[in-house]
Amino acid sequence: MTSNPSEFARAKETARIRWRNQGGKQRAYADLRSLGGGQPALIPPGEKRATTDPEIAEQLLHRLLAKYKKRKEKKVRAAMDPGPDLAEFAIHHLQEQAASDDYDAEWLTDSEAYLALAVDYFTRWQHASVRHPEPLPRRRSLASIDLPDVRAFSEWLNAMPDQRGCQRPVASRRRILIALKELFDGAILEGSLPAGSNPVAVAIQELRASSRETGWLSVGELALLLESARTIGCEPRAARALQSLPCPYELVATFMLTGACESEITRLQVRHLDFESRTIRIPDFKTGRVARSIPMHSQLREILWPYVQRLRTTSGYVFTTISGEPIYSWLEMLDLIATRAGFQEGQIRPSVFRTSYIIHRLACMDQGIPIDPKKVAREVGYTTPGLKKKVFERVQYGRARTDELVFLPDAIGPDLAGRLHTPSLDIVNRNGKTGGI
């Protein structure tokens with residue numbers, strides 16, 4: 001491998017196109033052995049075999065040479081100015097965030113875990129191979145991490161199972177990349193990296209674009225899930241899950257009737273609930289400060305009021321484990337609730353409640369007129385034009401309107417009631433009652 005620009009220029013002169021007879025046709029291969037690149041086939045985009053056209057072969061060769069030159073320049077810059085060490089700067093970055101008092105303890109704990117994954121990958125697992133499946137950690141500078149590295153990190157996260165042994169969802173990968181993006185932003189603000197050298201921002205946009213749009217559930221399906229959560233205590237196989245999460249009914253109702261994100265609901269505290277004014281103050285998932293206020297719908301108030309009274313406290317988290325710890329993962333309980341209601345395991349995820357809230361909230365009346373989509377966008381925390389557009393696209397003008405957002409058992413039709421056998425739904429089955437929007 002060449003080590004300086006002059007050597008690269010001499011090696012470039014020796015790079016040439018070699019032609020090989022394959023199936024009676026001469027196909028082009030680049031001879032990049034002087035650059036350490038071997039003899040790759042010159043394959044045009046959209047094709048599977050090397051080109052037979054000399055002009056196209058020349059263009060493809062020039063692209064390969066430009067690619068190798070860029071890679072060499074990157075190595076030279078890293079050798080001259082390696083920049084801050086990734087592991088050391090991650091510690092410094094977390095200390096700066098803690099000292100700024102702009103982030104709550106839970107966000108700092110999550111960021112530390114996310115950055116530990118990034119450091120572990122870039123300093124160790126990115127260099128794993130068949131010969132060295134468990135390489136030792138090595139120093140890695142921030143400046144040496146580019147967009148292909150971050151894309152590879154995102155794919156590694158997708159292949160790595162989460163704490164439950166399941167595939168890591170897109171939202172989880174996005175949160176990890178956001179923590180890494182803030183690390184690069186901090187290095188740029190301190191002058192340790194040049195402006196515009198954050199490769200993570202592009203990877204986050206690509207991940208958001210590649211993720212499929214979340215579906216939504218009907219009023220009857222939501223009411224069925226809520227009834228399943230209310231009666232989960234009579235399910236023998238739910239005993240172990242209830243020991244870790246004793247409030248599935250109240251938690252599911254809050255997801256359905258607020259449209260808040262999972263990170264916002266799990267950080268919700270008792271002081272954020274105002275039963276007199278019928279409002280809920282949603283905290284920011286980074287700082288813990290109140291980001292917006294949303295209405296507390298009547299059904300949710302009837303569910304949360306007795307639950308909060310049983311807590312016998314005016315502070316602390318609303319939803320906790322039986323030991324009083326904040327909820328970090330409740331997918332096991334959600335799968336139990338969903339499978340009781342006839343859904344497949346893994347089919348229902350918290351994001352579907354947020355989308356469903358938008359859909360059915362847009363069908364509500366507000367002081368005698370159809371609710372303004374802008375108001376719905378504010379309730380779910382959509383502030384940018386792109387996110388607001390997602391709300392406006394879901395307006396269904398020919399849909400029947402309702403005065404209030406509710407998901408009651410009488411909205412469960414006979415076709416859905418057969419999935420779950422409880423006393424209240426058995427009555428629905430016998431009477432054939434249906435309801436909903």
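At-a-glance table
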| item | result |
| --- | --- |
| Over segment 204-333: Kirkwood hydrodynamic radius from C-alpha pairwise inverse distances, Å | 15.9 |
| Alpha-carbon centroids, segment 339-374 and segment 94-108: separation in whole Å | 34 |
| Globularity index of segment 232-305, i.e. its alpha-carbon radius of gyration over 2.2 N^0.38 Å | 1.20 |
| Those residues of segment 108-123 whose amide nitrogen sits under 20 Å from the label point placed on Arg271, 7 Å along Cα→Cβ | 108-109 |
| In nm, spacing of pseudo-spin labels at Leu311 and Ala195 (7 Å Cα→C-beta vector) | 4.5 |
| Under-5 Å amide H pairs with Gln26, H placed in peptide plane, nonlocal only | none |
| Spatial extent of segment 282-366: Rg and Dmax, with the Cα atoms as the point set, Å | 15.5, 41 |
| Translational diffusion coefficient (Stokes-Einstein; Kirkwood radius from C-alpha pairs) of segment 102-246 at 4 °C, 1.567 mPa s, in µm²/s | 71 |
| Isotropically averaged projected area of segment 248-399, using the convex hull of Cα atoms (one quarter of hull area), nm² | 10.3 |
| Förster-model FRET efficiency, 22 Å R0, Glu112 and Leu147, C-beta, rounded to 0.05 | 0.35 |
| Relative packing of 293-305, 230-242, which averages over residues the other C-beta atoms within 10 Å, highest first | 293-305, 230-242 |
| Rounded FRET efficiency, nearest 0.05, which uses the C-beta distance separating Val202 from Arg138 and R0 of 30 Å | 0.75 |
| Order by protection proxy (mean Cβ within 10 Å, highest first), peptides 321-331, 113-123 | 113-123, 321-331 |
| Per-peptide average of other Cβ atoms within 10 Å, ordering 174-181, 283-290, 367-374 highest first | 174-181, 283-290, 367-374 |
| Potential lengthening between Glu302 and Glu47 on full extension [0.36 nm per residue; Cα-Cα distance subtracted] | 85.5 nm |
| Thr321-Asp185 pseudo-label distance in nm [points 7 Å out on the Cα-to-Cβ vector] | 3.1 |
| Where labels lie 7 Å past Cα in the beta-carbon direction, separation of Ser329 and Arg278 in nm | 3.9 |
| Segment 226-339 - charge dipole about Cα centre, Lys and Arg +1 at Cβ, Asp and Glu -1, debye rounded to 20 | 340 |
| Using a Förster distance of 41 Å, the FRET efficiency for Gln367-Ala105 (Cβ separation, nearest 0.05) | 0.50 |
| Ratio Rg/Rh [Cα only; Rh per Kirkwood] for segment 92-139 | 1.18 |
| Total charge dipole magnitude, segment 307-356, about the Cα centre, Cβ charges on Lys, Arg, Asp, Glu only, Debye to nearest 20 | 240 |
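Read the figures in this text as sums done on the coordinates, not as results from a lab. Worth saying up front: this structure is predicted, and the values here are computed from it rather than measured. Here the Cβ is made from the backbone with ideal geometry for all residues, glycine too, and neighbour counts use every protein chain on show.
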